[in-house]
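Q: Sharing a structure with you now.
The values are calculated or read from the model by the stated rules, or taken from the named source; none is laboratory data. Predicted model, so just to flag it, every value in this text is computed and none were measured. Note that we place each Cβ from the backbone using ideal geometry, even for glycine, and neighbour counts take in every protein chain shown.
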Amino acid sequence: MADGARYTIGVDIGGTFTDVVLIATDGATHTSKAPTTPSDFSVGVVDAIRAAAGDLALAPEALLGRTDLVNHGSTVATNALITRAGARVGLITTRGFEDTPFIMRAVGRVDGLPAEEVRRVTAVTKPEPLVPPELVRGVRERIDAFGEVVVPLVERDVEAALDALVDDAGVDAVAISLLHGWRNPAHERRIRDIAATRYPAERLYLSLGSDLSQVAGEYARTNTAVANAFVGPAVRRYLDGLEHKLRALGFAGRILVMQGNGGLTGHARATPISTLQSGPAGGMLASAQMAGRLGHRGVVTADMGGTSFDVGVIDDGYWRYADEPIFERFRILQPITDITSIGAGGGTIARIDESTGRLLVGPESAGAVPGPVCYGTGGTEPTVTDADVVLGYIDPDFFLGGRRRLDGARAGAAIDERIARPLGIPAVEAAAGIKRIIDSKMSDLIRREIVRSGLHPEDLVLHAFGGASPVHAVGYARDLGVREIVVFPSSAVFSAFGIATADIVHTRLATRALALPVDPALLNADLAALEADLLDELDRSLVAGEPAFRRYVTLRFRRQTTGEEIALPWDRFSANRMVELESLFVAHYDRLYGAGVAYREAGLDLAGLRVDLVGAVPKPGLRAVDAVRAGTPPVPEPKGERDAWFDGNFRRTPVHDFDRLLPGAALVGPTIVESRFTTVVLPPGSSLSVDPYGNLVIRP
Amino acid sequence: MTIPAARRATIDPIDFEIFAHRLWAIGEEGRIALQRVTASPIVAQGGECMCSFYDADGSMILACSGHLRFAAATSDAIRRLIEWFEEDPGIGEGDEFLVNDPYIAGSHTYDIMQIAPVFVDGRRVAWVASSSHTADTGGLLRGAATEIFHEGIRIQGLKIVEAGRFRNDVFRSIVEQCRDPHYVGMDIKSRTAANNVATRGYLGLVERFGIAFVEAAGRKLIADAEAMARERLAAIPDGTWRSRIYGSARDPGAKGASAPVLYEVLCTATKRGDELTLDFTGSSPQLASDQNSTLPSTMAHVAIALTNQLFWDVPWSDGRLAPVTVIVPEGTALHCRFPAACGRSPRIGQYVVEAVRDCLAKMLYAAGRRDEVNASWGAFWYLGGPGFFYGGHGPQGLPVPQGLYDIHGGGLGAAPTRDGVPSGGQPNIPSGGISDVERIELQYPFLYLSRNHLADGGGAGRWNGGAGTARLALVRGSRDLTVDLVPYAGLPHGAAGLFGGYPSGIGGVRALFEPATDLAGRLADGDVPATADEALASGAASIAAASGSAGRAPLPEGWLVSDFTQGGGGFGDPLDREPERVAEDVRRRRVTSRAARLLYGVELDGGGAVDTAATQAARTLIREKRRTESRPPALADPVPVGTWAPLVRFHPVLEVGRVGDAAPLVRCVRCGTSLGPAGDNYKAHALRRDRALEDLVGRPMPDGSPYLAVFREYACPGCATLLAVDVWCEQLGGEDDLRDVAVDAGRP
């Protein structure tokens, strides 16, 4: 990296490691890691930045002094929810509806649980709430579904509620969520004003449902207000503490915060709850950017780690938000990247069902503790990783670059004893069976996500990341009919990469209940108002040029509960475009559900609007790896070879070092490619080439 | 472990796993498509739907998540389609039949099934079906029917799609019979969409694995389910368990306000070896109103109970019911004769579920499977008054979606180590839910003044039943709203407590409220009631004698509807509940201080803390009353001196055991008192007293009608611990100390 370069730093705090990506003005990148420090996450962040500076032979002060932006994805909010280490929260709501967070629309009993768990009908209970029933106070007021005040706010109820919650019970934060606050926020804002007059911001954190979402549905919106209040003080404290630490090291730039919607926001304006799932959103963004650079219109991302398998779909550079995403079993209303997860990973357990003799793979997981049998840390039940070792796909001496030694013999013995012998087949065939079953399950999940988006597998490119994904990618891609897989050299720090290169994104989602045809002028005014709100939110000093807008509408046939969101191809409506909109919707419907299902005669309703504001953050362009010299395509030399199981036999298979594969290189299966973070398995019949960015492009 | 050769898959076990998971995934995709396209809120948010697969003869191979009632029903419909239409007009590739005759399958005409054959190389190899609840089939509005002919279209098989072409003639002719054709039409489309997904997916499996494999794998799914079900049954001690659940219905012959017709569901569950017999002999004769269950509906509800509690981890195929025999005499309300009306069949079906579950809970307790034990999920301490099936038009002039299903958020029964889940769901749809009030108000002409957990909504016990919800809603934005109406019946419906827990809670008001003339002004002044009691006490409204006839009542603009949903039964003696826990219940508005005193013997001080001394005294007094107010127990020989050898612990405080070679006895494990020979009914040897509902509830029925049942308490004659609390209805009579358990003492 050139002297005098200036930097953007992307940070992603993961469960085990805190990743840092530096991007210099000339487009050169550098990555580093440090252990995550849950007691104070900012320690790990600073450690990782110090490590990066060290790699560049710079003092941390020198690096930070030349850094303009620290873009930050954090798990502080998620972590506070998981560990239940959040603020003591009180809730003020409409009198008569104090139990909304506990009724949980009844579906809260099963929300966030895997299908196998849901079936334990007599055993499944609701989660412990984030706000105890004693700390909920109702106030007299009522606004109807059209925003009209039916019962004016009784302000002495507000005073009494604050007396009880703040003065008597000593809460640190108050969530305010009233019925139909999405339509008319006046009463919520009045309560905020009363509270703000009584208590300084440092004493009492306030969280308003109507600020956080303009979507109908009091259960999820109330959860959002409560969860935001629960994590808010911790997130604020954390970000302020981090800023303080970085400033002390000479950082004079800006801290931007990654949001679950896949965009950044200024530190001071960050809504704590919006940071949920910012890491995975960073990964999606990196995929989307890579897709743009490589010309992939549709992408499915598949991230397989030790315990979970996460799938997202990118269509034409962008992705859907989840309808009511669930965190720690609580539904919320926030624009959050739609990523679906199942319990399938390296730690997934295989076992024989005693009654039926079936070979079941999952959903139980050995997790990290006791872990797969081959870890030698107490696990006795064979897992997917054990099968991968027995099949020769994973080198027991080079797992995670040799950071963990695996006991292959132990894995083989466990599979033999518990799976192969009961089935009466050789151990290696049992291992191959375990792999096929888990690959197929992952393929089932991916297919569902693709179909849900109205796309087809054969039109998509699969981006495989996470330690375990590339081992299995060809397996599930073949099953799906996907024609191309891409594995990125930076996939181990992919989220940090996406965060480093993200733009500012602010989002408004708003419920509407309008029967079409609607006067286009009304809709245009509605859109303009939403855009004006977003412009108000934008800190213009962070962006270059004029911000852009992405606009979407949710339509449904009249009487339906659920709608479908479609991107608007124009910025404003006209009479002709209203007609065109109907055709767009019907075409979309045909794609989703088959021809003939659309029912125009029922009439159409416009059920919601979504506007994203995108403000471009100035940043360097990424460089391709140094160009391949013409005429000398590199012929990669394997670093070794080992036996791996393909098509019913062990075959001597060459093993390549990922880091030494240069652009233009090409390999055919059977081949294994290893890095310190992952292993790519190419069975016979598949092939790969290395693209100008050093990515592995696999034809399954 | 070694798998016996006979159990080993005859097909490749790896391919079988892949097949099984993919088939399930396809069914889920189909269900999701159905839920997104449907116009029924109860389907989209409540999950009342199903997507399932059948073999060529109609045996169910697999049903996915959703409404269990449908899964159990469609096999019968497919068999009839084959029987009736194979020859004429023929069953061809690309056909899809619509069926909604509850005498064939399903519970009432609103359960609509669309069933499509799947062909491979010109041969019919399978069927897919997508089913859901569409609350409009034309006919009379809910509540008035006395014959099935009043309940709208009843179709025994019409091709809605023929040879791949959607039939507009059929479509139009069906939807135009209904009040809201677009709604019904949208739902038909949603089921077609789901079948498209399922058929496409199934053919994909055939392409990948070959038809021979797919058919063999289907047979294995059925065989596996049977093997698992038999294994589960074999692990339960042999014995007989019995339950009795009460319900009530309208007498359509009576004019105006009339007395309810009471009925009972009596279930005898006999478990021997790896088989189970459920015998409903003794249940009431069929009714003149629409509260009847056809045999297919009863079978479907039996399947729900078995699936939820006994076979929850057994894949949903027909195999799981193979070891179960069900006996339902024709002419009873559970097996009505054509053309009896059956629109309210799900209600009586709910009582079938509760009757079976009550037996299963006790059976599973005796088997030591405590995680699977729940008290009743469907308890109302009374029913009657306005229901939740609306008619008329909303503010935008659209017909009101008929049902408003807050009942999908009822309280669940208590378990051996915890309280029942409040507003936890509904047994038919383990993963269902209720709608947001904000969403309801965008669709229905209501303004809710409250929806909270119902205080005293769950049965009292050592562990409380979960409470349902209570709502108070103002009619707003309709000129012609009506609601179904049945006579009040002051009798706990669907109620069963476990092992000394109370069968149901005693809170809630279900009635129409006429508003005070100045209600609008009161609201504008901030004077807004949040509970039924508050509305009545403040004079904002008063209970109205519902007018109306033929099972419907008008809901004038500005009137209020007060309603509550079912709660769970309690588990164990409420006097065993820690006083601090009861104090917390009161703080959390789950239990009133009145009930704390009356049922739990817990006295609180002015600050809401437990008054320990007063509580001790109150509990002593309650135990004393159990002795002094009881019928004297039949004498039992004392437990002989010697070493007690327990045989079966069939109850938390009762077990069957013996001393040496003496005949087996039932003994209280707390105080050692004998409750008679194992062959006797322990209830005859227990203290027995009846508790009048008016005393417990402390208020009259909304219309002043009499209470029609008592809570009958049985307590240990030694330590006065409550052993059972039954609902007893003198008017219906029958066995007055219902013998609920007879375990075979010969088998440990």
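Q: Please work out which residue is surrounded by the most Cβ atoms within 10 Å (Cβ to Cβ), limiting yourself to segment B:59-86 and to residues that are of a type in the set (D, E, K, R) and in contact (Cβ under 8 Å) with a residue 24 or more places away in the chain.
A: Of segment B:59-86, the ones of a type in the set (D, E, K, R) are B:69, B:76, B:79-80, B:83, B:86.
Restricting the remaining residues to those that are in contact (Cβ under 8 Å) with a residue 24 or more places away in the chain gives B:69, B:76, B:80.
Numbers: B:69: 27, B:76: 19, B:80: 19.
Only one residue fits best here, namely B:69.
Q: Scan segment A:144-165 for residues that are of a type in the set (A, V, I, L, M, F, W, C), outside any loop (DSSP other than H, G, I, E, B) and without any contact (Cβ under 8 Å) to a residue 24 or more places away in the chain and jot them down.
A: Going through segment A:144-165, the residues of a type in the set (A, V, I, L, M, F, W, C) turn out to be A:145-146, A:149-151, A:153-154, A:158, A:160-162, A:164-165.
Still in the running and outside any loop (DSSP other than H, G, I, E, B): A:149-151, A:158, A:160-162, A:164-165.
Passing the criteria: A:150, A:151, A:160.
Q: Further, regarding this structure: Any chance segment A:449-460 includes a residue that's of a type in the set (A, V, I, L, M), away from chain B (no Cβ under 11 Å) and crowded, with 24+ Cβ neighbours inside 10 Å? I'd like the intermediate steps shown before the answer.
A: First, pick out the residues of segment A:449-460 that are of a type in the set (A, V, I, L, M): A:450-451, A:455, A:460.
With the extra rule that they be away from chain B (no Cβ under 11 Å), the set shrinks to A:455, A:460.
In the following step, the residues that additionally are crowded, with 24+ Cβ neighbours inside 10 Å were identified as A:460.
For segment A:449-460, residues of a type in the set (A, V, I, L, M), away from chain B (no Cβ under 11 Å) and crowded, with 24+ Cβ neighbours inside 10 Å: present.
Q: Which of the residues spanning segment B:434-445 are in contact with a Phe, Trp or Tyr (Cβ under 9 Å, 6 or more places away or on another chain) and either more than 7 Å from chain A (Cβ to nearest Cβ) or touching a residue at least 60 places away in the same chain (Cβ under 8 Å) (or both)?
A: Within segment B:434-445, B:434, B:435, B:440, B:444, B:445 meet the criteria.
Q: Kindly establish whether residue A:186 is within 29 Å of residue A:147 (Cβ to Cβ) and either among the polar types (S, T, N, Q) or in contact with a Phe, Trp or Tyr (Cβ under 8 Å, 6 or more places away or on another chain) (or both). Working first, answer last.
A: On the way: within 29 Å of residue A:147 (Cβ to Cβ): yes; either among the polar types (S, T, N, Q) or in contact with a Phe, Trp or Tyr (Cβ under 8 Å, 6 or more places away or on another chain) (or both): no.
Answer is no for this residue.
Q: Okay, next question. Could you check, for segment A:155-164, whether at least one of its residues is at the interface with another protein chain (Cβ under 9 Å from one of its Cβ atoms), touching a strand residue (DSSP E or B) at 6+ places or on another chain (Cβ under 6 Å) and surrounded by 16 or more Cβ atoms within 10 Å (Cβ to Cβ)?
A: Scanning segment A:155-164, I find at least one residue that is at the interface with another protein chain (Cβ under 9 Å from one of its Cβ atoms), touching a strand residue (DSSP E or B) at 6+ places or on another chain (Cβ under 6 Å) and surrounded by 16 or more Cβ atoms within 10 Å (Cβ to Cβ), so the answer is yes.
Q: Return the residues of segment A:669-693 that are farther than 23 Å from residue A:402 by Cα, of a type outside the set (Asp, Glu), within 29 Å of the chain's Cα centre (by Cα) and not in a strand (DSSP E or B); say none if nothing qualifies.
A: A:692, A:693
Q: So which residues in segment B:141-174 are of a type in the set (A, V, I, L, M) and touching a residue at least 60 places away in the same chain (Cβ under 8 Å)? Steps first, please.
A: Pass one, segment B:141-174, residues of a type in the set (A, V, I, L, M): B:141, B:144-145, B:148, B:153, B:155, B:158, B:160-161, B:163, B:170, B:174.
Listed by number, the residues that qualify are B:141, B:144, B:145, B:148, B:158, B:160, B:161, B:163, B:170, B:174.
Q: Let me ask something additional. Identify, by number, the condition in (1) of a type in the set (Gly, Ala, Ser); (2) surrounded by 24 or more Cβ atoms within 10 Å (Cβ to Cβ); (3) more than 12 Å from chain A (Cβ to nearest Cβ) that residue B:478 doesn't meet.
A: The one condition residue B:478 does not meet is (2).
Q: I would also like to ask the following. Do we have residue B:472 as in contact with a helix residue (DSSP H, G or I) (Cβ under 8 Å, 6 or more places away or on another chain), at negative phi and crowded, with 24+ Cβ neighbours inside 10 Å here?
A: Details: in contact with a helix residue (DSSP H, G or I) (Cβ under 8 Å, 6 or more places away or on another chain): yes; at negative phi: yes; crowded, with 24+ Cβ neighbours inside 10 Å: yes.
Here the answer is yes, as residue B:472 does meet what is asked.
Q: Assess whether residue B:524 counts as being free of Cβ contacts under 8 Å to residues at least 12 places away in the same chain, within 14 Å of chain A (Cβ to nearest Cβ), surrounded by fewer than 21 Cβ atoms within 10 Å (Cβ to Cβ) and of a type in the set (Gly, Ala, Ser).
A: Values: free of Cβ contacts under 8 Å to residues at least 12 places away in the same chain: yes; within 14 Å of chain A (Cβ to nearest Cβ): yes; surrounded by fewer than 21 Cβ atoms within 10 Å (Cβ to Cβ): yes; of a type in the set (Gly, Ala, Ser): yes.
Taking the combined requirement at face value, the residue satisfies it.
Q: On to the next question. Criterion first (at positive phi and within 13 Å of another protein chain (Cβ to nearest Cβ)) does residue A:357 satisfy it? First the steps, then the outcome.
A: Values: at positive phi: yes; within 13 Å of another protein chain (Cβ to nearest Cβ): yes.
Yes, satisfied.
Q: Out of the residues in segment B:639-690 that are in contact with a Leu (Cβ under 8 Å, 6 or more places away or on another chain) and in a loop (DSSP other than H, G, I, E, B), which is nearest to residue B:708 (Cα to Cα)?
A: Checking each candidate, the answer is B:686.
Q: Are any of the residues in segment B:87-98 part of a strand (DSSP E or B), without any contact (Cβ under 8 Å) to a residue 60 or more places away in the chain and crowded, with 23+ Cβ neighbours inside 10 Å? Walk me through how you get there before you give the answer.
A: Let us first name the residues in segment B:87-98 that are part of a strand (DSSP E or B), namely B:96-98.
Retained after the next criterion (residues that are without any contact (Cβ under 8 Å) to a residue 60 or more places away in the chain): none.
Within segment B:87-98, none of the residues are part of a strand (DSSP E or B), without any contact (Cβ under 8 Å) to a residue 60 or more places away in the chain and crowded, with 23+ Cβ neighbours inside 10 Å.
Q: Look through segment B:406-438, keep the residues that are of a type outside the set (D, E, K, R) and surrounded by fewer than 22 Cβ atoms within 10 Å (Cβ to Cβ), and return whichever of them is nearest to residue B:486 (Cα to Cα).
A: As a first pass, look at segment B:406-438 and keep what is of a type outside the set (D, E, K, R): B:407-417, B:420-435, B:437.
Then drop every residue that is not surrounded by fewer than 22 Cβ atoms within 10 Å (Cβ to Cβ), which leaves B:416-417, B:431.
On the way: B:416: 36, B:417: 38, B:431: 29 Å.
Across segment B:406-438, the extreme among qualifying residues is B:431.
Q: Residues to consider are A:98, A:116; find the one that is within 14 Å of another protein chain (Cβ to nearest Cβ), under 30 Å from residue B:25 (Cβ atoms) and in contact (Cβ under 8 Å) with a residue 12 or more places away in the chain.
A: On the way: A:98 fails: under 30 Å from residue B:25 (Cβ atoms).
Going through A:98, A:116 in turn, the sole match is A:116.
Q: Please indicate, with yes or no, whether at least one residue in segment B:383-390 is facing chain A (nearest Cβ under 9 Å), touching a helix residue (DSSP H, G or I) at 6+ places or on another chain (Cβ under 9 Å) and within 21 Å of residue A:107 (Cβ to Cβ).
A: First, pick out the residues of segment B:383-390 that are facing chain A (nearest Cβ under 9 Å): none.
No, every residue in segment B:383-390 fails to be facing chain A (nearest Cβ under 9 Å), touching a helix residue (DSSP H, G or I) at 6+ places or on another chain (Cβ under 9 Å) and within 21 Å of residue A:107 (Cβ to Cβ).
Q: Determine whether segment A:137-153 contains at least one residue that is modelled with pLDDT of 95 or more, surrounded by fewer than 18 Cβ atoms within 10 Å (Cβ to Cβ) and closer than 20 Å to residue A:228 by Cβ.
A: no
Q: Turning to a different aspect of this structure: Anything in segment A:421-441 that is of a type in the set (A, V, I, L, M), within 12 Å of chain B (Cβ to nearest Cβ) and surrounded by fewer than 24 Cβ atoms within 10 Å (Cβ to Cβ)? List them, or say none.
A: The initial filter retains those residues of segment A:421-441 that are of a type in the set (A, V, I, L, M), namely A:423, A:425, A:427-428, A:430-432, A:434, A:437-438.
Applying the additional criterion that residues be within 12 Å of chain B (Cβ to nearest Cβ) yields A:423, A:425, A:430-432, A:434, A:437-438.
Once the filter is applied, which keeps residues that are of a type in the set (A, V, I, L, M), within 12 Å of chain B (Cβ to nearest Cβ) and surrounded by fewer than 24 Cβ atoms within 10 Å (Cβ to Cβ), segment A:421-441 yields A:423, A:425, A:432.
Q: Can you tell me which residues in segment B:249-281 are surrounded by 16 or more Cβ atoms within 10 Å (Cβ to Cβ) and more than 22 Å from residue B:383 (Cβ to Cβ)?
A: Matches in segment B:249-281: B:268, B:269, B:270, B:271, B:274, B:276, B:278, B:279.
Q: Out of A:501, A:554, A:507, I need the residue that is under 30 Å from residue A:270 (Cβ atoms), within 14 Å of chain B (Cβ to nearest Cβ) and either buried (at least 19 other Cβ atoms within 10 Å of the Cβ) or of a type in the set (Lys, Arg) (or both). Which one?
A: Numbers: A:501 fails: within 14 Å of chain B (Cβ to nearest Cβ); A:507 fails: within 14 Å of chain B (Cβ to nearest Cβ).
Within the list A:501, A:554, A:507, the selection yields A:554.
Q: Turning to a different aspect of this structure: In segment B:254-347, which strands (runs of 3 or more DSSP E) lie fully inside it and hold 3 or more residues that are under 23 Å from residue B:54 (Cβ atoms) and more than 14 Å from every other protein chain (Cβ to nearest Cβ)? Explain how you work it out, then say what you get.
A: Values: elements: B:261-272, B:275-279, B:324-327.
Counting at least 3 such residues, we get B:324-327.
Q: Just to verify a result, which residue in segment B:637-655, among those that are aliphatic (A, V, I, L, M) and in contact (Cβ under 8 Å) with a residue 60 or more places away in the chain, is farthest from residue B:582 (Cα to Cα)?
A: Within segment B:637-655, the first condition is being aliphatic (A, V, I, L, M), and the residues that meet it are B:639, B:641, B:645, B:647-648, B:653-654.
Now narrow it down to the ones that are in contact (Cβ under 8 Å) with a residue 60 or more places away in the chain: B:647-648, B:653-654.
Numbers: B:647: 35, B:648: 32, B:653: 22, B:654: 25 Å.
Selected residue: B:647.
Q: Considering each of B:497, B:548 in turn, give the residue that is modelled with pLDDT under 95 and more than 14 Å from every other protein chain (Cβ to nearest Cβ). First the steps, then the outcome.
A: Numbers: B:497 fails: modelled with pLDDT under 95.
Going through B:497, B:548 in turn, just one is modelled with pLDDT under 95 and more than 14 Å from every other protein chain (Cβ to nearest Cβ): B:548.
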